[in-house]
Every structure is written in C-alpha cells, then in structure tokens.
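Peer 1: Here it is, the structure in full.
The values are calculated or read from the model by the stated rules, or taken from the named source; none is laboratory data. Here the structure is a predicted model, which is why all the values come from computation and not from measurement. Because the Cβ atoms are built from the backbone with ideal geometry, glycine has one as well, and the counts that use them run over all protein chains shown.
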Amino acid sequence: MTAPDKGLLDRVVRGIARPGGGAPTKVTSSILAQAATSYGARPIVDECTIPTGFDPAAAALFEATVEAAFLVANSDGVFDDDERAAFQSVVAEACNNLVQEEQLGALLADLCEQLAEDGIEKRAKMVARTITRRDHQLEVLRIAALMAHISGGVSAHEREVLEHLGRGFDLDVGAVDSALSEAAAVLEV
C-alpha cells in the first residue's frame with residue numbers, strides 16, 4: 001500500500017469524528033468519539049478500584065465500531081505496518097486522543113487475533129450482535145465506509161465487508177450505498 005495522502009487522512013478523521021447525517025441536531029460528535037470517552041477511562045490495571053467513568057456498554061460500542069472499520073481495513077487480507085499506523089492514527093485523532101496509544105494497540109492486537117481465528121464473516125456477525133440500535137448501526141456503517149476511502153477508493157473487497165455488516169445489522173440493501181455516498185460527500189469537502 002502506498003502511504004495515504006495526508007489531506008485525505010485528515011478529511012477521514014474529521015468525517016469519523018463528526019456525527020452522521022441522521023444524528024439528532026444537538027449531537028456534535030460521532031458515536032465512536034463519544035464512546036471513546038468511556039473507553040479511554042477504562043482502567044489499564046485490572047486491580048484499579050478508583051472511580052474512572054468507565055461504562056462497559058460504551059466500551060463495547062467503541063470496540064465494535066473500531067472492529068467494523070478494522071474489518072474493512074483488512075478486507076484485502078493485508079494489514080501491514082503502514083496500514084496499521086494509518087488506521088491507529090485515524091482512530092486516535094477521530095477520538096480526540098482520548099484513548100491511550102497502548103489501549104488502542106492492545107485492541108488492534110486482539111482484533112488481529114480474532115480475525116485470524118474467525119474470519120471476516122464471523123467477525124462481522126459478532127459486530128452486528130453487539131450493535132443493536134438502528135441509529136448506531138447506521139453510524140457504524142458510515143464510519144466503516146469512511147475508513148474504506150483511506151486507500152483512495154472503495155474496493156470490491158471493502159464493499160463486500162460493508163455488505164456483510166449491513167446484512168448482519170438487517171439493514172435494507174440500500175444502506176451500504178447510502179453510507180458510501182455520505183462518506184464520499186464528506187470527503188469531497
């Protein structure tokens with residue numbers, strides 16, 4: 001993979017950080033950015049008993065949203081160091097760096113293991129089981145569609161993963177096209 005254009009990466013970050021077109025009017029950040037607040041408060045040491053603001057449901061939403069984007073990034077079977085660095089940078093910046101680098105690195109390591117064990121289709125089903133609210137499903141699909149554009153366009157493999165996610169969410173067939181159209185519109189700005 002050639003290094004993604006910095007301007008494109010910046011537009012993807014801004015698109016992922018902002019809420020989608022269907023979000024309520026007073027919402028100013030995406031569910032990924034909102035859930036990152038709680039995920040970032042997750043104690044790194046399991047024995048930690050001080051109040052942290054950690055919300056397990058928000059953490060699960062964060063992880064599933066990152067996994068959906070991760071599956072798209074891995075759709076071609078390659079996730080080299082450059083792709084991993086770009087992915088991690090985009091997620092961290094879209095979350096206003098609320099998630100520590102070590103936390104995000106550990107999550108990506110877990111996702112790599114799970115993908116190797118289960119494959120994309122099964123992991124897409126697991127994401128779909130975790131994200132049950134329709135508005136969250138549409139937002140996750142939009143974020144994954146934005147991530148698909150990092151390579152300069154959406155490949156057939158990336159679209160296939162988006163379709164797996166859409167089917168898992170039980171969304172109508174046009175949901176993937178809508179997510180891709182919304183992502184493309186955000187990136188044109």
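Peer 1: Being surrounded by 16 or more Cβ atoms within 10 Å (Cβ to Cβ) and under 16 Å from residue 35 (Cα atoms) is the filter here, so list the residues in the stretch 99-140 that pass it.
Peer 2: Result: 99, 103, 104, 107, 127, 130, 131, 136, 137, 138, 139, 140.
Peer 1: Next question. Write out, first by first residue and then by second, each pair whose Cβ atoms fall under 7 Å of each other, whose residues are 6+ apart or on separate chains, and whose first residue, in the stretch 137-166, is touching a residue at least 12 places away in the same chain (Cβ under 8 Å) while the second is surrounded by 24 or more Cβ atoms within 10 Å (Cβ to Cβ) and of a type in the set (S, T, N, Q).
Peer 2: As it stands, the answer is 139/30; 140/65; 143/30; 143/65, since those pairs meet every condition given.
Peer 1: Residue under question is residue 69, and the condition is that it be assigned to a helix (DSSP H, G or I) and either surrounded by 15 or more Cβ atoms within 10 Å (Cβ to Cβ) or under 15 Å from the mean Cα position of the chain (by Cα) (or both); does it hold? If you could, list the steps in order and put the result at the bottom.
Peer 2: Working: assigned to a helix (DSSP H, G or I): yes; either surrounded by 15 or more Cβ atoms within 10 Å (Cβ to Cβ) or under 15 Å from the mean Cα position of the chain (by Cα) (or both): yes.
Yes: the conditions hold for residue 69.
Peer 1: Identify, from the list 155, 89, 151, 181, the residue that is closer than 19 Å to residue 32 by Cβ and either of a type in the set (Gly, Ala, Ser) or at pLDDT 90 or above (or both).
Peer 2: From the options 155, 89, 151, 181, the qualifying one is 89.
Peer 1: Restricting to the stretch 8-22, what's the tally of residues that are farther than 11 Å from residue 146 by Cα and assigned to a helix (DSSP H, G or I)?
Peer 2: 1
Peer 1: Give the stretch 78-97 a look and list any residue that's touching a residue at least 24 places away in the same chain (Cβ under 8 Å) and crowded, with 18+ Cβ neighbours inside 10 Å, or say none.
Peer 2: 79, 83, 86, 87, 90, 91, 94, 95, listed by residue number.
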